[in-house]
Amino acid sequence: MTRVPKHIGIIPDGNRRWATKEGLKKEEGYTHGISPGLQLYHICRNLGVKELTFYGFTVDNTKRPSKQRTAFSDACVKAVNCLSKENADLLVLGNTKSAMFPQELLPYTTRRTFGTGGIKINFLVNYSYEWDFGFHQGTFAPVMKSTDVSRIDLIIRWGGRRRLSGFLPVQSVYADIYVVEDFWPDFSAKHIDDAIAWYSKQDITLGG
């Protein structure tokens, strides 16, 4: 590997489709996405990645049936609690004024260092670009809420979809996007190896 990205964005898609494939209810897929997140964290930390951003759930996701909302919200709480036991500088970003935001995650909405820190981890929960940009009645706030998140070098999306789905549009402006066809609960270390090997071959010009 000739070049490791400083900041990787993670879109862990395919939990519901994975559950259907395994003969489970759709909402049962989310809990199987927690362990892959921890595996990925350890891999990226060992590689020297400086920052990771996980897509938890969006404001649009909250339109799903209540059982699914409860399931992905609970999974996000468990995932953040697990990451808080690791060495990380952790921040949760999302619309805290909405009833859909898990109250258990409020203490994490200011960046906090756990263990020895050393890698920034951002977790998007009940996130939307409208909230981030302070969009209201046709106007935008002068400062977006995700200013503590750096520009993203590489975005990896599981589940075969080829879209950002509103994922940090400003920070993603020059990101290379790598798509994994497998569903997120089927995560393997090879996915990361392949993504970074692919990234290291890209011509990074940032428009220049």
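For this structure, a couple of remarks:
- Considering residues of the stretch 64-92 that are in contact with a Lys or Arg (Cβ under 7 Å, 6 or more places away or on another chain) and among the aliphatic types (A, V, I, L, M) only, the residue nearest to Leu168 (Cα to Cα): Leu91
- Close pairs (6 angstrom Cβ cut-off, 6 or more residues apart or separate chains): among the β-branched types (Val, Ile, Thr) in the stretch 176-197, not in a strand (DSSP E or B) anywhere: Val179/Arg162; Val180/His191; Ile192/Ile43; Ile196/Met1
- Test for Val143: is it of a type in the set (Val, Ile, Thr) and in contact with a helix residue (DSSP H, G or I) (Cβ under 8 Å, 6 or more places away or on another chain): no
- Taking every residue in the stretch 82-107 that is in contact (Cβ under 8 Å) with a residue 40 or more places away in the chain and pairing it with any residue that is surrounded by fewer than 18 Cβ atoms within 10 Å (Cβ to Cβ) and of a type in the set (A, V, I, L, M, F, W, C), at least 6 positions away or on another chain, the pairs with Cβ-Cβ distances below 6 Å are Cys82/Leu38; Ala88/Phe114.
- A single entry from Phe167, Phe183, Phe135 fulfils the requirement of being of a type in the set (Phe, Trp, Tyr) and at pLDDT below 95: Phe135.
- Answer residue from the stretch 170-208, given it is in contact with a Phe, Trp or Tyr (Cβ under 6 Å, 6 or more places away or on another chain) and not in a helix (DSSP H, G or I) and is surrounded by the most Cβ atoms within 10 Å (Cβ to Cβ) among those: Phe183
- Residue check for Arg17: among the basic types (Lys, Arg), more than 14 Å from the chain's Cα centre (by Cα), within 20 Å of Leu83 (Cβ to Cβ) and surrounded by fewer than 20 Cβ atoms within 10 Å (Cβ to Cβ): no
- When each of Val149, Val143, Val173 is tested for being β-branched (Val, Ile, Thr) and within 25 Å of Lys201 (Cβ to Cβ), the lone residue that passes is Val173.
- Scanning the stretch 125-163 for residues that are free of Cβ contacts under 8 Å to residues at least 24 places away in the same chain and either of a type outside the set (Val, Ile, Thr) or touching a Leu at 6+ places or on another chain (Cβ under 8 Å) (or both) yields Phe133, Gly134, Phe135, His136, Gln137, Gly138, Phe140, Ala141, Pro142, Arg162, Arg163.
- Scanning the stretch 107-123 turns up one or more residues that are among the hydrophobic types (A, V, I, L, M, F, W, C) and touching a Cys at 6+ places or on another chain (Cβ under 9 Å).
- Verdict on Ile34 being touching a residue at least 24 places away in the same chain (Cβ under 8 Å), surrounded by 14 or more Cβ atoms within 10 Å (Cβ to Cβ) and within 14 Å of Cys82 (Cβ to Cβ): yes
- Qualifying residue in the stretch 22-29 (condition: touching a strand residue (DSSP E or B) at 6+ places or on another chain (Cβ under 7 Å) and either of a type in the set (S, T, N, Q) or part of a loop (DSSP other than H, G, I, E, B) (or both)): no
- Residue list for the stretch 155-169, restricted to those being part of a loop (DSSP other than H, G, I, E, B) and either among the polar types (S, T, N, Q) or under 23 Å from Leu93 (Cβ atoms) (or both): Gly159, Arg161, Arg163, Leu164, Ser165, Gly166, Phe167, Leu168, Pro169
The values are calculated or read from the model by the stated rules, or taken from the named source; none is laboratory data. None of these values were measured; they are calculated from a predicted model. Neighbour counts are summed over all protein chains in view; Cβ atoms, including those assigned to glycine, are modelled from backbone coordinates with ideal geometry.
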